[in-house]
Structure formats: structure tokens, C-alpha cells
Amino acid sequence: MTARSAGGETDPRRLDPLDYGVTPLSARLTPEDAADLAARASRAHFPDRQSIFARGERRPQFCLVVEGGVRLSRTSLSGKRVSGGLLGPGQHFGYATAALGRERIYDVIAVGETVIDRIAADDVTRLVERSPRLALALLRDTTERAALLMQLLDDVRLLPPAARIARLLGDSLRTQGGNQLIRCLHEDIAAIIGVSSMTVAKALGELAALGLVETAYRCVRLPDPPRLRAWLRTWDA
């Protein structure tokens with residue numbers, strides 16, 4: 001969905017998801033389970049850059065992104081920021097907090113005008129106990145995320161920054177219907193893969209020299225996604 005300003009123009013603050021192509025939970029839900037979650041949700045609206053949750057909070061809520069997006073991040077005492085990604089519509093966050101009562105490990109910030117459905121932990125538990133289909137959807141989602149984390153740990157040890165950035169961009173592109181333009185910030189790419197913005201700029205320059213990306217203000221274009229993925233496979237060999 002394209003974010004719109006009050007005047008009807010495309011919201012210039014809009015950024016695309018950077019989530020490695022993780023399947024949105026909404027795509028796994030049956031219409032009945034989606035309706036049950038919506039019936040128990042409290043809908044909240046947040047302006048761009050508004051804090052939704054702070055790291056360390058224990059508010060036991062499971063959240064679904066309805067419109068806009070959220071940035072998951074944490075900042076060290078030295079000021080270095082790392083990110084769990086930018087999530088778009090259909091994605092969820094906070095299940096561990098809701099199901100296990102754990103503190104939130106990320107600050108959650110709205111990206112553009114954002115709408116979130118918040119569901120109390122007890123309601124989520126009752127729905128999961130009642131619906132094997134919902135339990136299976138959450139299990140598949142958790143398994144996909146765990147497999148992704150294992151891959152990313154290997155990537156940190158095996159791949160140079162240019163290849164890790166190419167994987168992030170190429171995988172995230174699949175969630176955008178094949179659109180070759182990804183609206184993103186260098187600082188978000190840097191926080192997700194754990195390098196400096198200077199390293200991101202250098203790595204994007206290397207990819208551009210290979211003809212794999214084209215950079216512009218607040219966006220990266222992938223002129224030939226299949227070629228980018230073929231290049232990535234040479235690193236996985």
C-alpha cells in the first residue's frame with residue numbers, strides 16, 4: 001500500500017520493508033483466524049518517527065502492522081545502532097513478549113504514518129489454544145525467522161559487506177511484488193547488517209560498478225534482480 005499525505009500525494013517519508021523477504025503473517029492466516037485477531041485488536045495510529053514501544057518494556061502485546069511500517073532497533077552505550085529490520089504491512093512483532101512475558105529487546109518506531117493492531121497476550125494465548133491453524137501459522141513464521149537468523153550469522157562470518165547488502169536488498173525485493181526500486185536509507189542498511197554508513201556507501205559503490213545496483217536519493221534500484229541473485233550464488237558455492 002502506498003502511503004498518502006493529506007493532499008493525496010505519495011508520502012515522501014515512505015520507506016520499503018527491509019525484512020529479507022520473510023513471509024508476512026497475514027499471508028499465512030485463514031480468513032477466520034484473521035477475523036478473530038482483528039476482533040480482539042485495539043487499533044492505534046502513529047505519526048512518522050513516533051515511539052510505539054521502548055526497549056525493556058514489558059507490555060504484553062502482540063502487534064500486527066496494518067499500514068505504514070515500523071523500525072526495530074537498539075542503541076548501545078557507545079551510540080552504535082543495530083536494527084532488526086523495517087517491517088511493513090502484514091508483518092508482526094512482539095510475539096515473544098506476549099507469549100513468554102519477556103522484555104522487549106528493540107525500540108519500535110513508526111516509519112511514516114503507521115497503523116498497528118495491538119492484541120493482549122491473554123487473547124493471543126486463547127486464540128492459539130483454540131485454533132491449530134493459527135498455532136501452525138505462528139510455528140511456521142517462527143521457524144522461518146530462526147532459519148534466517150542462522151543464515152545471517154553465517155553471512156557475518158563468511159561474506160563481505162557488499163554480498164550481505166546484496167542479499168538484504170535482493171531478498172527484501174520479493175516482498176514488494178517485483179518492484180525494482182527499494183526506498184531505503186543507508187543508515188538502515190548499516191544498522192541491519194552491522195556496519196558503518198561509510199562501509200555501506202563503499203559496498204554499494206562496488207555493486208554499482210558491477211552493474212548490480214543503481215543508487216539515488218533515499219532509494220536503491222536493482223536493474224536486474226535475477227543477475228544480482230546469480231552473483232550472490234557465487235558466494236554461496
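The values are calculated or read from the model by the stated rules, or taken from the named source; none is laboratory data. These figures come from a predicted structure and were not determined experimentally. Please note: Cβ atoms are built from the backbone with ideal geometry, for glycine as well, and neighbour counts cover all protein chains shown.
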>> Among (1) in contact (Cβ under 8 Å) with a residue 12 or more places away in the chain; (2) within 15 Å of Asp19 (Cα to Cα); (3) surrounded by fewer than 19 Cβ atoms within 10 Å (Cβ to Cβ), there is one condition Arg140 misses while meeting the rest; what is its number?
In response: (2)
>> Is it the case, given these coordinates, that Leu153 is closer than 19 Å to Arg71 by Cα and under 20 Å from the mean Cα position of the chain (by Cα)?
In response: no
>> Residue pairs, Cβ under 9 Å, 6 or more apart or interchain, first in segment 36-48 and in contact (Cβ under 8 Å) with a residue 40 or more places away in the chain, second among the polar types (S, T, N, Q) and part of a strand (DSSP E or B). List them.
In response: Ser42/Gln61; Ala44/Thr114; His45/Thr114; Phe46/Thr114; Pro47/Thr114; Asp48/Thr114
>> Please return the ranges of helices (runs of 4 or more DSSP H) entirely within segment 152-237 where 3 or more residues are in contact with a strand residue (DSSP E or B) (Cβ under 9 Å, 6 or more places away or on another chain) and surrounded by fewer than 17 Cβ atoms within 10 Å (Cβ to Cβ).
In response: 197-209
>> Against the definition (over 20 Å from Leu100 (Cβ atoms), at pLDDT below 90 and out of contact with any His (no Cβ under 7 Å at 6 or more places or on another chain)), how does Gly8 come out, yes or no?
In response: yes
> Which of the following residues is surrounded by fewer than 19 Cβ atoms within 10 Å (Cβ to Cβ), assigned by TED's automatic domain parsing to the domain that holds Leu29 and assigned to a strand (DSSP E or B): Val82, Val65, Val70?
Replying inline: Val82
> What do you reckon, is Gly90 in contact with a Ser or Thr (Cβ under 7 Å, 6 or more places away or on another chain), outside any strand (DSSP E or B) and surrounded by 14 or more Cβ atoms within 10 Å (Cβ to Cβ)?
Replying inline: yes
> Can you name every residue in segment 25-42 that is touching a helix residue (DSSP H, G or I) at 6+ places or on another chain (Cβ under 8 Å) and not acidic (Asp, Glu)?
Replying inline: Leu25, Ser26, Arg28, Leu29, Thr30, Ala34, Leu37, Arg40
>> Every residue in segment 30-62 that is of a type in the set (Val, Ile, Thr) and loosely packed, with under 14 Cβ neighbours inside 10 Å, please.
In response: Thr30
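Residues checked against (1) in the same structural domain as Glu32 (by TED's automatic domain parsing); (2) not small (Gly, Ala, Ser):
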| site | (1), (2) |
| --- | --- |
| Ala120 | yes, no |
| Arg130 | yes, yes |
| Asp141 | yes, yes |
| Gly170 | no, no |
